[in-house]
Amino acid sequence: MPRPRRTDIPYFSPRLKARLHEALNMRSVFIEAPSGYGKTTIAQNYLRERLPEGATWIRHVCVEESPQAAWRRFCQTMKKVDAHTGKTMLSFGLPDEDSAGHLAALLRELPCPAPFWLVLDDFHHLAPHVPAPIWKAFLEHEAAHLRLIVVTRPVATRILPYEKAGILRLSADDLRLTETESREYATRAGIALNEAQAQELHRRAEGWIIAATLYLRRWNERGAFAPAFCQAHDSGLDDLLRDVVWDNLDEAGQEWLLRLSPFDAFSAEQAAFLLGTARLTQKTWAALQHNAMLRHDPASGLYYPHSTLLDFTRRRFAELPEETRRDALLAAGDWCARSGDLENAFVFYYRLRDYERILALDLSGMKGEGLLDTPGVAYVPAIKDIAANSTRAMKAMHPLSAIALALDLLSANCHEEFGALFAELADIVETEPFATDQRNYLRGELRLLESFTCYNDIAAMGVRMLDALQLAGRQTSLVRLDDSWTFGNVSVLFMFHREAGRLDGELADMQTYCPHYLALSGGHGAGGPELMEAECRLHRGDADTAEISGYTARHQAALREQASIVIGAEFLLGRVAMLRGNAAAVTGAMDNMADIAGQFPQRANRMAADMARSFLMSLLHQPDEMAPWLREATPGSLARRFFVQVLPFAELCRARYLLLSGKPELLLGESEAALGLATALDYSLALTYGHLHVAAAWSMLGKRDAAADSLRAALALAVPDGLLLPFAECWPWTGPLLKKMRPGVCPEMPPAFASDVFSLAERLESGRRAIAGTRHSARGRFGLSRREDEVARLMADGLSYGEIAQRLCISLNTVKTHLKNAYQKVGTSSRSDMKRLLS
């Protein structure tokens, strides 16, 4: 029998075929085994060949890259399944524990009206970056026409039980060849082995199909198997690959593989660029494609080296002389920079410590700690190193990137490194030979950057922003409109009121200076000044005027898609409605906050909506309805969720939960750190609430003197500006003590203050009772919000998600969120049960 030219024919044993036959009727197939077990071959050469007529086949290959880049690429692929779902996933950014529930629901209920087969290959690269519940929900998807095939090496965390209806899990045991199957594989490849030879093949390969393939190739070419090989030792596989593949390549082919080894996949154009040639020779292509060592994906035009060969080549690459490795990594970085892949360009250049090339990149779009935390490169340590070790000449050549680097350092709280870089940049801008227009623009950018160091002093920030606008003469490159102006805070007053007795002056400063920043940033922060004024009026007890200003703020913010300020305006309108006992308006405000967080689901917006809703629930004395992450907070858990500028408000909400839950000791234990942070940030309102909550805790414990001391501290901060609302909102705990205080005993409190607070507190309590009764009667025993009730009833009437979204003018994701909450509250997962229970 003539020997065949190739021994890598796809082989599927009768035992494996029986399992794969089940896959055709499964909604998901999970294939998990080490490299070289033929996982991709199963997908490409068995399942794909059985694709139903008219079905779409998409293969998404996960590669080793930054978590954010990996998630973005996955979302782009999901757009091919359903455009709205992919877009929504992308808007959430890299998933976290807070967005996991939303994204899990989105993928579980993924619309897929036509037959669609989606393969996630090398899933182990993407899996660790995303919370396991999301993958579990995706594997359990409810789309009748979708077939999901996940191909992966063993993942650290099991994301699904082995037994699950509608899901087929294949493991290495299913893919490993038996002795009989090894012999049959050889026969199919045209190689007749006797019993002893078949036993030797199986003993050497141990059922590992990539090893069996390589042994058969050696037998086919040399008439003998390679030296002894054991699957458990990488060196054994290295010897086999070297003997059968590597040594059969010429020097050019070996160099080709080494220079491409930094990438998991590559295009022909990319390969030619990395090798410095116009094109690759046909001989090189043929040698590498032989024996399935290089797989081509026609859809993407990319070539994928077999993972075992890639791992082997990377080990060889690490042994090359340093100069050779540097040359290859430099070419890899240049390719990424040329093709717009700035994150990977940054990684390659940083591995070389090529600071000049790093600064030549556009660093303004690469903000945030962890953005480039790929193996070997953590972002914050990297930017500290770049700032310290790049030369003055490099920074002068690329000043905007250096300024963006300084902003990243400031955002990462690297104040010492920021100060040193800022001083160096200021000197560069003044002494280097820039053209006049460029010098002024850079002066403006630095002046704006300097203003950020003055947070939260409005006047100090404002003067610098005015200078920045006059110097730069055009919009800044440092600010993006989709950045949260409030960092995720729900109160502008909370952020910018810093000095007792100066609130009116702070409001005037905001009105004077904020327009300059709005002009400089293209509208970033629109509605902020109006919201601060509205909050001031509300805190002084003027709900009517506050409401008008609140609507103005909401309108101005919505025009520029300033979601965090829209949420803050809804929060204010909810507090106004609370004073009036308007249940529908309170519920409407909470629904609107959820809607805007659904439309702009960045983490800061989602957290802001959660905090605002939780605070309103605390005013209704419903602590169990506050966000779980507030109720279940542990030491340090809040700090991990927020920018430091937001943390005091989260701690305020947490304190209210502890008071309502009867845990004054725990509140006192947490209060010292909270008050310390509020002091450090000059958050006067946070200190006011903080002292009030401490007073409430001491009062609950019967410590009247300690409670009175804390109450006087709160009065000293609030009385000079006539701030009544904090005391009214804390009246159930501190009201009795406040009523007993007299101006002579407590000089901080003017004669009418207590009566004004009492009047506002009475309105608040009357409103709370009215709302509690209305909410109970309107939506009965289930406690549904107005929007949850609307969505649930429309769904029960047979409307689809899309029809509900169109009817209520909300996003599809918001529909799913409300419906998920309604199912949980009603205690059913059945549409028919929901209709019966709500009727």
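Worth pointing out:
- If R0 is 41 Å, the Cβ-Cβ spacing of L330 and N25 corresponds to a FRET efficiency of close to 0.20.
- With neighbour counts taken as other beta-carbon atoms within 10 Å, the residues C514, C454 rank, fewest first, as C454, C514.
- Acute angle (nearest 10 degrees) that the helix 436-452 long axis makes with the longest principal axis of the chain, alpha-carbon atoms: 70
- Potential extension, E322-V644 segment - 0.36 nm per residue separation minus Cα distance: 111.6 nm
- Part-to-part distance (alpha-carbon centres) for the stretch 495-572 and the stretch 29-87, which is given in Å: 47
- If R0 is 35 Å, the Cβ-Cβ spacing of L481 and T512 corresponds to a FRET efficiency of close to 0.95.
- Global form of the stretch 625-676, assessed from the alpha-carbon gyration tensor, a/c cut-off 1.5: oblate
- Structure note, pairs K740/K825; K136/K835; K79/K164; K79/K820: Cα-Cα distances above 31 angstrom occur for K740/K825.
- Only helices enter the 222 nm calculation for the chain: every DSSP H run of n ≥ 4 contributes -39,500 (n - 2.57), and dividing by all residues gives -19000 deg cm²/dmol, rounded to 500.
- The angle separating the long axis of helix 647-660 from the principal Cα axis of greatest extent in the chain is about 70 degrees.
- Gyration tensor verdict on the stretch 600-649 (Cα atoms; rounded if a/c is under 1.5, prolate if a/b is larger than b/c, oblate otherwise): oblate
- 3J(HN,Hα) along the stretch 351-358: 4, 8, 6, 8, 5, 5, 5, 4 Hz, from the Karplus curve 6.51 cos²θ - 1.76 cosθ + 1.60 with θ = phi - 60°, whole Hz, x for Gly and Pro.
- Only alpha carbons enter this Debye calculation for the chain, each as an equal point scatterer, and the log10 of I(q)/I(0) it gives at q = 0.05, 0.08 Å⁻¹ is -0.36, -0.85.
- Remark on V119: its backbone amide H falls under 5 Å from those of I58, R59, H60, I149, a criterion applied only to residues 5 or more positions apart or on other chains, H modelled at 1.01 Å from N.
- Between amide H atoms placed 1.01 Å from N, distances below 5 Å from L302 occur with D297, all of them 5 or more places distant or on a separate chain.
- For L294, residues with placed amide H under 5 Å, excluding near neighbours: H306
- Fewest-first ranking of V826, V377, using other Cβ atoms within 10 Å as the exposure measure: V377, V826
- Length gained when the stretch L666-T453 is fully extended (0.36 nm per residue, less Cα-Cα span): 73.3 nm
- All distinct Cα pairs of the stretch 482-566 go into the 1/r average, and the inverse of that average, the Kirkwood radius, is 12.8 Å.
- Size of electric dipole in the chain: Cβ of Lys, Arg +1 and of Asp, Glu -1, about Cα centre, debye, nearest 20: 2560
- Scaling the Cα radius of gyration of the stretch 14-175 by the globular reference 2.2 N^0.38 Å produces a ratio of 0.97.
- Footprinting exposure proxy for D264, D797 (fewest neighbouring C-beta atoms within 10 Å first): D797, D264
- DSSP beta bridges confined to the chain are antiparallel in about 25 percent of cases.
- Loop-resident sites, the stretch 23-56, for GluC sites (Glu not before Pro), counting at most 15 other Cβ within 10 Å (DSSP): E53
Here, each number is a calculation from the coordinates, and none is a lab measurement. These numbers come from a predicted model, not from an experiment. Virtual Cβ from ideal backbone geometry, glycine too; neighbours counted across all protein chains shown.
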